[in-house]
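The values are calculated or read from the model by the stated rules, or taken from the named source; none is laboratory data. Only a predicted model underlies this, so the values are computations on that prediction, with no experimental measurement involved. Using ideal geometry, Cβ is built from the backbone for each residue, glycine included, and neighbour counts are taken over all protein chains shown. Calculation scope for accessible area: heavy atoms of the full protein, side chains included, ligands and nucleic acids excluded. Shrake-Rupley method; radii C 1.70, N 1.55, O 1.52, S 1.80 Å.
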Amino acid sequence: MSVLEVRGVTVGLGGRTVLRDIDLTLDLGDLTGLIGPNGAGKTTLLRSILGLVRVASGRVLVDGRPVRPRRSTVGYVPQRHEFAWDFPISVENAVMTGRTGRIGLLRRPGVEDWRAVAAALERVGMTDLARRPVGELSGGQRQRVLVARALALQPRVLLLDEPFTGLDLPTQELLTGLFQELAGEDKAVLMTTHDLLGALDTCTRIALLNRTIVADAPPSELLDPEPWMRAFGVGESSPLLKILKVM
Amino acid sequence: MSISEFLADLTNPDLAFLPKALLIAVMSSVVCGVVGCYVVLRGMAFIGDAVAHAVFPGLAVAFVLQGSLVVGGAVAGVVTAVLVAVFSQNRRIKEDSVIGVFYVASFALGVVIISQAPGYAGSLQQFLFGSITGVPDEDLYTAAVTGLLLLAAVLLLHQQFVTVSLDRELARAVGLRVFWLDIALYVLVTVAIVISVRTIGNILVLALLVTPAATARLLTDRLGVMMLLAPAIGGSGAVVGLYLSWSYDLPVGGSIVLVLAGVFLAAWTFAPRHGLLARRWRRGGLEENPAPAGAV
Ligand SMILES: Nc1ncnc2c1ncn2[C@@H]1O[C@H](COP(=O)(O)OP(=O)(O)OP(=O)(O)O)[C@@H](O)[C@H]1O
Ligand SMILES: [Mg+2]
């Protein structure tokens, strides 16, 4: 069942068209890899789904309705470097900030909010570290805090922006496992990544993006080099295409 | 001068300005200490500096027209704070240069305005370095009421401020009005400065905002504790500083700021986890850090 629909979205930034006529549908249970070169517009696409950039034309529907940030059921995991890791705050309080919009102005977190935070921490396996200052966490733990912060909203759609940057392989595998499980729990997960091999191996769908959606299919149907050459603007001899032969 | 003599002077009806000065110095430090935590954590000390300078023409106008200094300073400061917020939304502009030009100019404007008042050298001195004499009662009440309102606003907006400070991108994604929260924070900083500027002085007030909060940051990794420690440090620093100033006939703003700086240096050296000695000690000893066995 489709939970997120992006229909004909075009976005201009600084006078240039960054995204052109994007169509993308996310189904519950899908773990979709959004893949494209630097500057392809991956982050911009996630931000336009969230309503953070003005869409020149087209629309984004979640559960058939336009997105409203405050009521939204879209969880967002921005890139790790956006976060002030030197801030003196515990893991649980950092996760709570995911609910600030829902808690609303002039109010403080209530019982239900703390319950949601505890459940989110449990889900990512960080319950034991709930009171640790965020500055004392490893890269993988930090990433899990960000995922928990998104889960604290109990979202049906989860958007992850390059969750694996700077993490070692075992950590990537653990997180991938987590994302697969989340997709299995009646969520649609969309993640941008530069790890092509990992994405081909674990995602249920791959969307190739370069200003527009070049291809959108299960990995098994994407073994033809042609769409990859178009998305990345490389020739037939590019080492990138060797990955496809491995699959 | 001994402590008991100081206490005697505080209760001496002929020296009625002294307890008032103490009261306003402590209130200023407490308010600045709380707001200063956000200033330090967001690395926006430059805003404090800018606002402190920009408040000056407002004070000068109020002084020349014999109006309320608090009101004059607040108007100038809030206008400035809003302008800063507007300028710094566009992160492509190097805001520090804009601010540098703009605020030194407004400071200059203040100097020119105040030169129109009779006996201006003396009043300029007061504005720049603070003074404990002649605090009118109404200023005391204004400061107390605004201070309480400010603390209430901090309490109510704390969760929002933390969310924005931690991650602006996520704050937007969960529907916070980041721009308005920035303005609110800048206005709070301004109010804290305006309350304090008369006793501490225009140039030194930045220290009241930054030093206690920075000291508290060295002593704890918990925001809640930090926001209690900073006003406590600031308040005590004000008492000790005023005592020293009164005993040795030193300028009050300078004494308070030097006391606070001393406390900061002590914390920087001796703080249990982040202090110089603690770090040395740890580097010398064994790091207790178990190998990450499949731990993410
Ligand atoms: N605020 C902005 N103003 C103007 N142009 C922008 C802005 N933000 C991004 N762009 C441009 O939009 C294009 C897409 O950027 P985006 O960050 O979405 O790419 P990306 O696919 O996420 O790249 P990366 O892999 O490097 O993260 C880039 O060409 C970038 O220069
Ligand atoms: Mg990106």
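Out of all the residues in the range A:31-56, which are surrounded by fewer than 20 Cβ atoms within 10 Å (Cβ to Cβ) and closer than 15 Å to A:Leu158 by Cβ?
Hits for the range A:31-56: nothing passes.
Give the range B:208-232 a look and list any residue that's of a type in the set (Gly, Ala, Ser) and within 14 Å of chain A (Cβ to nearest Cβ), or say none.
B:Ala213, B:Ala214, B:Ala216, B:Gly224, B:Ala230, listed by residue number.
Out of A:Ala94, A:Ala119, report the one residue that is at pLDDT 95 or above and at the interface with chain B (Cβ under 7 Å from one of its Cβ atoms).
Step by step, each of A:Ala94, A:Ala119 is checked, and only A:Ala94 is at pLDDT 95 or above and at the interface with chain B (Cβ under 7 Å from one of its Cβ atoms).
Given (1) open to solvent by 30 Å² or more (accessible area, probe 1.4 Å); (2) within 16 Å of ligand 1 (Cβ to nearest atom), where does A:Tyr76 come up short, assuming only one miss?
So the condition that A:Tyr76 fails would be (1).
Results for (1) outside any strand (DSSP E or B); (2) open to solvent by 40 Å² or more (accessible area, probe 1.4 Å); (3) of a type in the set (D, E, K, R); (4) closer than 23 Å to A:Pro78 by Cβ, shown as yes or no for each residue.
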{"position": "A:Gly177", "(1), (2), (3), (4)": "yes, no, no, yes"}
{"position": "A:Glu181", "(1), (2), (3), (4)": "yes, yes, yes, yes"}
{"position": "A:Asp201", "(1), (2), (3), (4)": "yes, yes, yes, no"}
{"position": "A:Arg230", "(1), (2), (3), (4)": "yes, yes, yes, no"}
{"position": "A:Val234", "(1), (2), (3), (4)": "yes, yes, no, no"}
{"position": "A:Leu241", "(1), (2), (3), (4)": "yes, no, no, no"}
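Given (1) more than 19 Å from the chain's Cα centre (by Cα); (2) at the interface with another protein chain (Cβ under 10 Å from one of its Cβ atoms), identify the lone condition not met by A:Arg65.
A:Arg65 satisfies all of (1) more than 19 Å from the chain's Cα centre (by Cα); (2) at the interface with another protein chain (Cβ under 10 Å from one of its Cβ atoms) except (2).
Of the residues that make up the range B:192-207, is at least one within 10 Å of chain A (Cβ to nearest Cβ) and in contact with a Ser or Thr (Cβ under 9 Å, 6 or more places away or on another chain)? Give the derivation first.
Initially, the range B:192-207 is screened for residues within 10 Å of chain A (Cβ to nearest Cβ), giving none.
No.
Limited to the range B:227-258, what total is found for residues that are open to solvent by 30 Å² or more (accessible area, probe 1.4 Å) and hydrophobic (A, V, I, L, M, F, W, C)?
Summing the residues that are open to solvent by 30 Å² or more (accessible area, probe 1.4 Å) and hydrophobic (A, V, I, L, M, F, W, C) in the range B:227-258 gives 9.
Residues to consider are A:Thr165, A:Thr212; find the one that is within 16 Å of ligand 1 (Cβ to nearest atom), polar (S, T, N, Q) and at pLDDT below 90.
A:Thr165
Against the conditions (1) more than 9 Å from chain B (Cβ to nearest Cβ); (2) more than 16 Å from ligand 1 (Cβ to nearest atom); (3) buried (at least 17 other Cβ atoms within 10 Å of the Cβ), where does A:Thr100 fall short? Just the number, please.
It is condition (1) that A:Thr100 fails.
Within the range A:1-30, how many residues are among the small types (Gly, Ala, Ser) and open to solvent by 50 Å² or more (accessible area, probe 1.4 Å)?
Total meeting the criteria: 2.
What is the residue count in the range B:27-52 for residues that are open to solvent by 40 Å² or more (accessible area, probe 1.4 Å) and in contact with a Gly (Cβ under 8 Å, 6 or more places away or on another chain)?
Qualifying residue count for the region: 2.
State which residue is surrounded by the fewest Cβ atoms within 10 Å (Cβ to Cβ) when the search covers only the range A:144-162 and only residues that are in a strand (DSSP E or B) and within 16 Å of ligand 1 (Cβ to nearest atom).
Step by step, filter the range A:144-162, then rank; the result is A:Asp161.
Do you know which residues across the range A:12-50 are more than 14 Å from chain B (Cβ to nearest Cβ), within 13 Å of ligand 2 (Cβ to nearest atom) and among the basic types (Lys, Arg)?
Result: A:Lys42, single match.
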